[in-house]
1. Is it fair to say ARG17 is under 19 Å from the mean Cα position of the chain (by Cα) and either hydrophobic (A, V, I, L, M, F, W, C) or surrounded by fewer than 20 Cβ atoms within 10 Å (Cβ to Cβ) (or both)?
2. Quick one: would you say ALA82 is of a type in the set (Gly, Ala, Ser), under 27 Å from PRO123 (Cβ atoms) and out of contact with any Pro (no Cβ under 6 Å at 6 or more places or on another chain)?
3. If LEU24 satisfies all but one of (1) at pLDDT below 95; (2) in a helix (DSSP H, G or I); (3) touching a helix residue (DSSP H, G or I) at 6+ places or on another chain (Cβ under 8 Å), what's the number of the condition it fails?
4. Spot the failing condition for GLN88; the list is (1) part of a loop (DSSP other than H, G, I, E, B); (2) in contact with a helix residue (DSSP H, G or I) (Cβ under 8 Å, 6 or more places away or on another chain), and only one is missed.
5. Only one of LEU66, LEU61 is outside any helix (DSSP H, G or I) and within 23 Å of TRP107 (Cα to Cα). Can you tell me which?
6. State which residue is surrounded by the fewest Cβ atoms within 10 Å (Cβ to Cβ) when the search covers only the stretch 20-47 and only residues that are under 29 Å from SER121 (Cα atoms), of a type in the set (Phe, Trp, Tyr) and without any contact (Cβ under 8 Å) to a residue 24 or more places away in the chain.
7. For the stretch 49-66, does any single residue satisfy the condition of being over 20 Å from ALA116 (Cβ atoms) and free of Cβ contacts under 8 Å to residues at least 24 places away in the same chain?
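The values are calculated or read from the model by the stated rules, or taken from the named source; none is laboratory data. Note that the structure is predicted; figures quoted are calculated from it, not measured. Methodologically, a virtual Cβ is constructed for each residue, glycine included, from the backbone with ideal geometry; neighbour enumeration extends over all protein chains shown.
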Amino acid sequence: MPRRLRPSGDHLLGLFRIVTGFLLACHGVAKLFGVFDDGPVPVGLWPYWWAGLIELGGGALVATGLLTRPAALLCSGTMAYAYFTEHQPHGLLPLQNDGESAALYCWAFLALAVLAPAALSLPAAKLRLAAARGAKAHPPGTAVT
């Protein structure tokens, strides 16, 4: 009977990291370049332009697995700030104040900052590539001097 391919928990978290980072980076692109939106936010406009910069840069870093913990923590804090300053004054609950995405992103990035899954990241791929090159240069059973 063929063995089913089941992703490990690390790979599932890696996919979660990639998708979540990519989706936040899309929000940054929308703010900074006006894609899917009414137009770009004016450069330097507090807090929107800076939030877009953090969303694009932090989302890209998290998606690629580079500096995952600090980038995810910064993204989580940015989303908490967005929720409490932009959404929460319009109602107590996220369903009332249209803050569901900010709340979900905040908690998702906090989880990624704590867990920092390395599976499917650029640093892990670089290590695997270096190990593969080292194995080809030194076949098993040969001495390395």
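1. Values: under 19 Å from the mean Cα position of the chain (by Cα): yes; either hydrophobic (A, V, I, L, M, F, W, C) or surrounded by fewer than 20 Cβ atoms within 10 Å (Cβ to Cβ) (or both): no.
When the stated conditions are applied, ARG17 does not pass them.
2. no
3. (1)
4. Checking GLN88 against (1) part of a loop (DSSP other than H, G, I, E, B); (2) in contact with a helix residue (DSSP H, G or I) (Cβ under 8 Å, 6 or more places away or on another chain), the one that fails is (1).
5. LEU66
6. Per the stated criteria, the residue is PHE36.
7. Yes, some residue in the stretch 49-66 is over 20 Å from ALA116 (Cβ atoms) and free of Cβ contacts under 8 Å to residues at least 24 places away in the same chain.
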